[in-house]
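A.B. asks: Please see the structure below; I have some questions.
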Amino acid sequence: MASIQCILNTGNIMTAASEVLRSPPKSSTELITSLRSHIRSSPPSPPPSPSLSSTTKSPLYIPLPPTPEPLAEERSEYDVTVKLFHLSSAPTASHETHTRDAVKRVLENLGIETIDLLILSLPGINFDADDFANEDSTEDVEAWLATYQTLEELHQDGVISRLGISEFGTTRLEKLLPRTTIKPSVNQINVRDCCVVPKPLILFAKQEGIELLTHNDCTDILPQETLQNVLVDEFALLGEERKVMPQWVAKYTAVIRSRGVVENKGYIAMAEIH
């Protein structure tokens, strides 16, 4: 049975049910809680029929195809940030396609043409407190570069103003930067398990003009088993014989610059159903 592309969205969680806003700040919990809430409050999505086969090109939307939620004020009033999580070790060409698809869907959802900052999170890359422990010399720099070059092209097209990466310590940066045309202006790292950013990384980032930001997002923001449970067990949206494989998640935030208020925040994800 051929795979089906499934697009999931949470809608604007800033206007969602109170259970979403009360959920823990952990991004994976926020994503699943808000997705469940949005599914419950939306018209039921029809399950994929047996006729969905290799000739089927249209994605399955859960809930139904989202209604755009355009920003209320002029685009210049907002800082729009997107963090794109690639979740699978798919072929490089797939990552490039996924990147463009994710960006397109966020733009359409917010009714905008540009993103101020896009931060790229690649599968299998985790930041470690000592800055070196998880930076294997055998890591596939070519795969990083191919995905990053898609962002460079979107930057050159005027779609993304600033590029960022996630979980890159000094060793990874030294591998990536010489190969880039447009250096990342931001490196977002998880310091959940340590209190101090390594000094070598601070010095290197300063030298290269890279802003260091911290976050508490989970690298595995949408675990396969969790999504399977949501769609199969709880909502019976898919037959039990199917397997759901998350491919990417785009977390977006639109902040009103003058007031520092988050007006629109949400998640869009893509999974393949096999």
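Bear in mind that the values in this text are calculations on the coordinates, not laboratory data. Computed from a prediction, not measured in an experiment: that's the story for all the values here. Neighbour counts run over all protein chains shown; Cβ positions are idealised from the backbone, glycine included.
A.B. asks: According to a simple spin-label model (label point 7 Å from Cα along Cα-to-Cβ), what is the distance in nm between His274 and Lys206?
C.D. replies: 4.8
A.B. asks: Using the number of other C-beta atoms within 10 angstrom as an exposure proxy, rank Leu222, Leu213 with the fewest first.
C.D. replies: In order of increasing Cβ crowding within 10 Å: Leu213, Leu222.
A.B. asks: Which whole-Hz ³J(HN,Hα) couplings does the range 261-268 yield from phi under the Karplus relation 6.51 cos²θ - 1.76 cosθ + 1.60, θ = phi - 60°, glycine and proline marked x?
C.D. replies: 9, 7, 8, 9, 9, x, 9, 10
A.B. asks: Order these by the 10 Å Cβ neighbour count, fewest first: Tyr61, Tyr148.
C.D. replies: On the way: Tyr61 15, Tyr148 22.
Going from least to most buried by this count: Tyr61, Tyr148.
A.B. asks: Roughly speaking, what is the stretch gain from Arg259 to Thr15, that is 0.36 nm per residue apart minus the C-alpha to C-alpha distance, in nm to one decimal? Walk me through the intermediate numbers first.
C.D. replies: Working: separation 244, 0.36 × 244 = 87.84 nm, distance 1.78 nm.
Length gained between Arg259 and Thr15: 86.1 nm.
A.B. asks: Neighbouring Cβ atoms within 10 Å as the yardstick, rank Arg172, Arg105, Arg259 fewest first.
C.D. replies: Result, fewest neighbours first: Arg259, Arg105, Arg172.
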